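A quick write-up on the structure given underneath.
The values are calculated or read from the model by the stated rules, or taken from the named source; none is laboratory data. Bear in mind the structure is a predicted one, so any value in this text is a computation, not a measurement. Cβ placement follows ideal geometry from the backbone for every residue including glycine, while neighbour counts extend to all protein chains displayed.
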Amino acid sequence: MIQSMNFPISAYSIAPYGSWDILAGKVRALGLDGIEGISDPFDPDDSFPLSLLSGYHMMFYADWLDFYRQDRSALLRKFGSEETVRSFYRGTQPEDLMKQFRDDLDLAISMHTPYVVFHVSDVSIEEGYTYRWLHTDREVLDAAIGFINELLRGTDPTFDFLVENQWWPGFTFTDPQKTEYLLSGIKYPRTGIMLDTGHLMNTNPKIRTQADGIEYILEMIRRHGSLKSSILGMHFHQSLSGAYVRKTAGRFPEDMPADYFEAFSKSYAHIRMIDRHHPWTDPECVKILDEVQLSYLTHELSSAEGRSQLSAVKRQLNTIRKGSSDR
């Protein structure tokens, strides 16, 4: 099993460490194989060593379906102007979106990644607050399947293509029939799942403790029966945000800026309150790892600084070791 931590491939992100070699030493001192990287097209760093890459997280737009469908009225309602739409998506047509993803996939392939991660969801700024969805799971799944098949058309199967669950409309890993529909619709022989444990916890605001979360995740995995063999990777973290969601869901802030980019920036803090990306501290979390046969395990933990991220990874690794030794 390849173990990694999430880390952006950018000059800005590596600056606090001084060099990629220094970060590589710290990562491997923890017993990890490398990083699951995500590229920043606005801040590339050609000095990144390919030997540090253990996997690749593809770019994503949280709100993309209306642009892909070219629903101009929906886009104008959300973005305010055609110019803002053009600026946000870096283009005006679905082909412009596809090119960005193809360029990103080409980069991942050139880096010889063993897998790529792809988000299958759709959510607008407003929906992120109100939880009143504009599109159904099936609508998002159908569009994503079409997009993915076009993206991967003609691609040699040299890597695993892993779909990641969210708590927004699309792929949530809460309904085995929808999971099977997604997996069977993608015409790529090495398709699997990157199960995000924190995102799965976010689908159930009733969860109050890590123990509740562990039980819920195990229930969802077991509910999927033989489909659990498709779980090739895991983004491992916990998210206890139910109390916050129960308090805030259903209301769109009255003081939300009218400018889309300002609103987008303001909403980011709200999303982080929902999607915590905290390390597991309950040793019973090893039951989740024991339930599946993983090829990839990513400690996807958030922090304001890289050093605290390494500390969070170390804490989670210690939790896993304790859980394993107690069994």
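Structure above, values below:
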read-out: Subset of the range 187-212 [outside any helix (DSSP H, G or I), among the β-branched types (V, I, T) and touching a strand residue (DSSP E or B) at 6+ places or on another chain (Cβ under 7 Å)]; value: T191, I193
read-out: Test result for T113, within 23 Å of the chain's Cα centre (by Cα), surrounded by 13 or more Cβ atoms within 10 Å (Cβ to Cβ) and modelled with pLDDT of 95 or more; value: yes
read-out: Where a residue in the range 84-98 is surrounded by 13 or more Cβ atoms within 10 Å (Cβ to Cβ) and its partner, wherever it lies, is of a type in the set (A, V, I, L, M), with Cβ under 8 Å and at least six apart; value: V85/L75; V85/L76; Y89/L97; G91/L97; T92/V85; M98/L151
read-out: The range 3-33 - residue that is of a type outside the set (S, T, N, Q) and within 18 Å of the chain's Cα centre (by Cα) and, of those, farthest from Q309 (Cα to Cα); value: I9
read-out: Given (1) in contact (Cβ under 8 Å) with a residue 60 or more places away in the chain; (2) closer than 15 Å to N165 by Cβ, index of the condition R251 fails; value: (2)
read-out: Evaluation of D106 against (1) in a loop (DSSP other than H, G, I, E, B); (2) under 28 Å from I35 (Cα atoms) (one fails), failing number; value: (1)
read-out: Residue tally, condition farther than 16 Å from G233 by Cβ and either assigned to a helix (DSSP H, G or I) or touching a strand residue (DSSP E or B) at 6+ places or on another chain (Cβ under 6 Å) (or both), over the range 8-37; value: 19
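Condition check ((1) at pLDDT below 95; (2) within 23 Å of T158 (Cβ to Cβ)) across all residues:
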| residue | (1), (2) |
| --- | --- |
| I2 | no, yes |
| P16 | yes, no |
| D33 | no, yes |
| S39 | no, yes |
| W64 | no, no |
| Y68 | no, no |
